[in-house]
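The values are calculated or read from the model by the stated rules, or taken from the named source; none is laboratory data. All of these numbers come straight from a predicted model, not from anything done at the bench. Note: ideal-geometry Cβ built from the backbone for every residue, glycine included; neighbour counts use all protein chains shown. For accessibility, only protein heavy atoms count, side chains too; no ligands or nucleic acids. Shrake-Rupley method; radii C 1.70, N 1.55, O 1.52, S 1.80 Å.
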Amino acid sequence: MKNFNIKAVLFLNYFVFAILLNSVGTVILQVQQNFGITKSSASILEGFKDLPIAICSFILASFLPKIGIKKSMLIALFLVSCMCFVMPFANDFWFFKLLFTVVGISFALIKISVFTSIGLVTDTDKEHASFMGFLEGFFMIGVLAGNVLFSLFIDDHNPKSTQWMNVYWVLGIISTLSFLFLLFSRLDEKEAKSTKTDLLGDLRNSISLFSYKKVLFFLLCAFLFVLVEQSFQTWTPTFYKEILKLPTSMSIQAGAVLAGAFALGRFLSGFFSKKFSWIYVVSFCVIGFAISIILVLPLTHNIQIDEGTGWFNAPLVVYLFPLMGGLLAPIYPSINSVILASIPKYLHSAMSGLIVVFSAIGGTIGSMITGFVFQEFSGQQAFYLSLIPLSLLIVSAIFMNKLKINPKK
């Protein structure tokens, strides 16, 4: 297979950061139990993760090809490896703020680099869309693996136990291995660089993207999607623990089931993107997810869970709730691939930076709103709110589909 080695490394890098980024839901649940942190205070961890992503992406997106795509990924993996080896000794909430700040900065480098690299290792728009779908699917496999991994270190009989932080030894080893694999892989970065411009010219190219209406509607779509996605991913463990009254380890495993549904949905998007127009795929998923919210959430009211409940004897809603993620999953890779395939490769880094910025802002706002509504009202009402951004998302996608981009060389 052409470019097999570097493609495999991109998958592995995404896998590592899938675990680290999406551990925020588990960590939010655990710091509430370990350090007595309130829901609204714990939700700030999403900001410590996403705001560094947004800020660094905005600053670095235009310059990353000149810095070096491979070099940027190596720096990111080195930073998170060091931080993971520190975390087993954490004894205060601020350690987790620092952890997610480092993870956020590093993910900004990784995601821009990976999104830029996709255009370098694929040859056609359909290949680009398919690879993007499979890559995002593998990202969700990482989320699934991360939830399962964390759940193995949880002590259900002692909520105050901090033994779960030993999971960071494992994560440190995985990220170090990823660093070594990348170090000995080759990536041809020439097409990602514009030989006609200096750094100031690259910055102008980035700013010029805002002049296209298709880009503006895409950024709104990305913002709205991640607002909904992160709300569900971050707060599912807490929802299962406090609303459905399930054990902590099972609540975290529910996040793994949600991630598995996301992974399946994104792998399928890699297949369906070759068969159908992206707007049909996105419309079907948005409408299907909205209907599933309306049908499934009422089943979570006044539910009775016995003390000995496990995955083999749980009520139906325990399975249905995370499976909804399969409908939400194909949206993100579909819209990302469409916009990246619409512009020249030398602009992919700048566009990737904007994707990361608006995704990060959406994730932070979504998680904080959900955390606030969850605390002040109920978990069900917090998730019902997602119907509003979902409605705006489908309208924005329709407008985005009607517009074209003819960038100036």
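Among the residues of segment 112-157, count how many are farther than 21 Å from Val282 by Cβ, of a type in the set (D, E, K, R) and open to solvent by less than 20 Å² (accessible area, probe 1.4 Å). Of the residues in that region, 0 qualify. Taking segment 45-98 as the range and being surrounded by 19 or more Cβ atoms within 10 Å (Cβ to Cβ) and β-branched (Val, Ile, Thr) as the test, the residues that pass are Ile53, Ile69, Val80.
Among the residues of segment 375-384, those that are surrounded by fewer than 16 Cβ atoms within 10 Å (Cβ to Cβ) and more than 13 Å from Thr300 (Cβ to Cβ) comprise Glu376, Phe377.
For segment 292-313, a residue qualifies if it is touching a residue at least 12 places away in the same chain (Cβ under 8 Å) and in a loop (DSSP other than H, G, I, E, B), and the qualifying residues are His301, Ile303, Ile305, Thr309, Gly310, Trp311. Residues of segment 331-351 that are in contact with a Gly (Cβ under 6 Å, 6 or more places away or on another chain) and open to solvent by 10 Å² or more (accessible area, probe 1.4 Å): Lys345 alone. Of all the criteria given as (1) of a type outside the set (Lys, Arg); (2) open to solvent by 10 Å² or more (accessible area, probe 1.4 Å); (3) touching a Lys or Arg at 6+ places or on another chain (Cβ under 9 Å), the one not satisfied by Ile252 is (2). A count restricted to segment 352-369 and to residues that are surrounded by 21 or more Cβ atoms within 10 Å (Cβ to Cβ) and either at pLDDT 85 or above or polar (S, T, N, Q) (or both) stands at 9. From the list Phe284, Phe225, Phe210, Phe184, exactly one residue is modelled with pLDDT of 80 or more and open to solvent by less than 50 Å² (accessible area, probe 1.4 Å). Which is it? Selected residue: Phe225, the only one of Phe284, Phe225, Phe210, Phe184 that is modelled with pLDDT of 80 or more and open to solvent by less than 50 Å² (accessible area, probe 1.4 Å). Criterion applied to Phe267, Phe218 was being open to solvent by 20 Å² or more (accessible area, probe 1.4 Å), part of a helix (DSSP H, G or I) and not acidic (Asp, Glu), and the one residue passing it is Phe267. Using the structure shown, decide if Phe372 is without any contact (Cβ under 8 Å) to a residue 40 or more places away in the chain, of a type outside the set (S, T, N, Q) and either surrounded by 16 or more Cβ atoms within 10 Å (Cβ to Cβ) or farther than 24 Å from Ser113 by Cβ (or both). No.
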